[in-house]
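Visitor: One structure, pasted below without further comment.
The values are calculated or read from the model by the stated rules, or taken from the named source; none is laboratory data. Computed from a predicted structure; not experimentally measured. Note: ideal-geometry Cβ built from the backbone for every residue, glycine included; neighbour counts use all protein chains shown.
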Amino acid sequence: MNGVDHPSESIHVFHVGKMRIKLCKGKTAIAKEYYSTAMQLCGVRGGGNAAAQAIFWQAKKGVSFVLAFESERERNAAIMLSRRFAFDCNITLAGPDDRSPLGT
């Protein structure tokens with residue numbers, strides 16, 4: 001979280017909803033944010049097998065996470081669903097190095 005490795009032995013739940021994304025550990029919400037233009041979401045880039053199963057999520061400015069999924073398929077589904085729901089809210093989710101869909 002925020003560039004610092006925090007070891008965890010518990011399962012976290014990444015909930016992609018129609019209006020917001022939420023990250024929970026047990027019954028405690030670690031982050032829950034409505035889709036906004038400040039939010040970023042993309043697959044992790046880089047070498048190694050772990051990158052294909054991880055996503056970068058910046059919930060808001062100053063709060064970011066790198067989340068690992070059990071499979072690339074789960075990671076891709078989470079990205080596609082969240083981008084679709086955000087689009088329904090007139091928000092375009094992208095990553096820090098992604099180009100704007102309008103070319104600007």
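Visitor: Considering only residues that are crowded, with 16+ Cβ neighbours inside 10 Å and among the small types (Gly, Ala, Ser), which ones fall in region 18-43?
Guide: Ala31, Gly43, listed by residue number.
Visitor: If you don't mind, there's one more thing I want to ask. Hey, could you check region 85-104 for residues that are of a type in the set (Asp, Glu) and surrounded by 10 or more Cβ atoms within 10 Å (Cβ to Cβ) and say which is modelled with the lowest pLDDT? Spell out the reasoning first.
Guide: From region 85-104, those of a type in the set (Asp, Glu) are 88, 97-98; that's our starting set.
Filter once more, so that each one left must be surrounded by 10 or more Cβ atoms within 10 Å (Cβ to Cβ): 88, 98.
Details: Asp88: 94, Asp98: 70.
Residue satisfying both the conditions and the ranking: Asp98.
Visitor: Another one. May I ask you to list pairs of residues, at least six apart or on different chains, whose Cβ atoms are under 7 Å apart, with the first in region 45-61 being of a type outside the set (Gly, Ala, Ser) and in a helix (DSSP H, G or I) and the second being at pLDDT below 90 and buried (at least 16 other Cβ atoms within 10 Å of the Cβ)?
Guide: Filtered contacts from region 45-61: Gln53/Phe69.
Visitor: Name the residues in region 13-25 that are of a type outside the set (A, V, I, L, M, F, W, C) and either at pLDDT below 80 or under 13 Å from the mean Cα position of the chain (by Cα) (or both), would you? Give the steps one after another, and end with the answer.
Guide: Residues of region 13-25 of a type outside the set (A, V, I, L, M, F, W, C): 15, 17-18, 20, 22, 25.
Those that are of a type outside the set (A, V, I, L, M, F, W, C) and either at pLDDT below 80 or under 13 Å from the mean Cα position of the chain (by Cα) (or both): His15, Gly17, Arg20, Lys22.
Visitor: So, in region 86-99, how many residues would count as being touching a Leu at 6+ places or on another chain (Cβ under 7 Å) and assigned to a helix (DSSP H, G or I)?
Guide: Here the count works out to 1.
Visitor: OK, next. Restrict the check to region 64-84 and report whether at least one residue is surrounded by 11 or more Cβ atoms within 10 Å (Cβ to Cβ), of a type outside the set (D, E, K, R) and at pLDDT below 85.
Guide: Among the residues of region 64-84, not one is surrounded by 11 or more Cβ atoms within 10 Å (Cβ to Cβ), of a type outside the set (D, E, K, R) and at pLDDT below 85, which makes the answer no.
Visitor: Kindly indicate the residue of region 44-63 that is of a type outside the set (Gly, Ala, Ser) and surrounded by 13 or more Cβ atoms within 10 Å (Cβ to Cβ) and also modelled with the lowest pLDDT among those meeting that condition. Before the answer, list the steps.
Guide: So in region 44-63, the residues of a type outside the set (Gly, Ala, Ser) come out as 44-45, 49, 53, 55-58, 60-61, 63.
Pick out the ones that are also surrounded by 13 or more Cβ atoms within 10 Å (Cβ to Cβ) and you get 44, 53, 55-58, 60, 63.
Numbers: Val44: 83, Gln53: 86, Ile55: 91, Phe56: 89, Trp57: 91, Gln58: 91, Lys60: 87, Val63: 89.
Per the criteria, the residue is Val44.
Visitor: Limited to region 67-85, what total is found for residues that are in contact (Cβ under 8 Å) with a residue 60 or more places away in the chain and part of a strand (DSSP E or B)? Even if it seems obvious, please write down each step before you answer.
Guide: Restricting attention to region 67-85, the residues satisfying the condition of being in contact (Cβ under 8 Å) with a residue 60 or more places away in the chain are 78, 81-82, 85.
With part of a strand (DSSP E or B) added as a condition, the list becomes none.
Number of matching residues: 0.
Visitor: If I go through region 55-92 residue by residue, how many of them are within 17 Å of Met39 (Cα to Cα) and small (Gly, Ala, Ser)?
Guide: Number of matching residues: 6.
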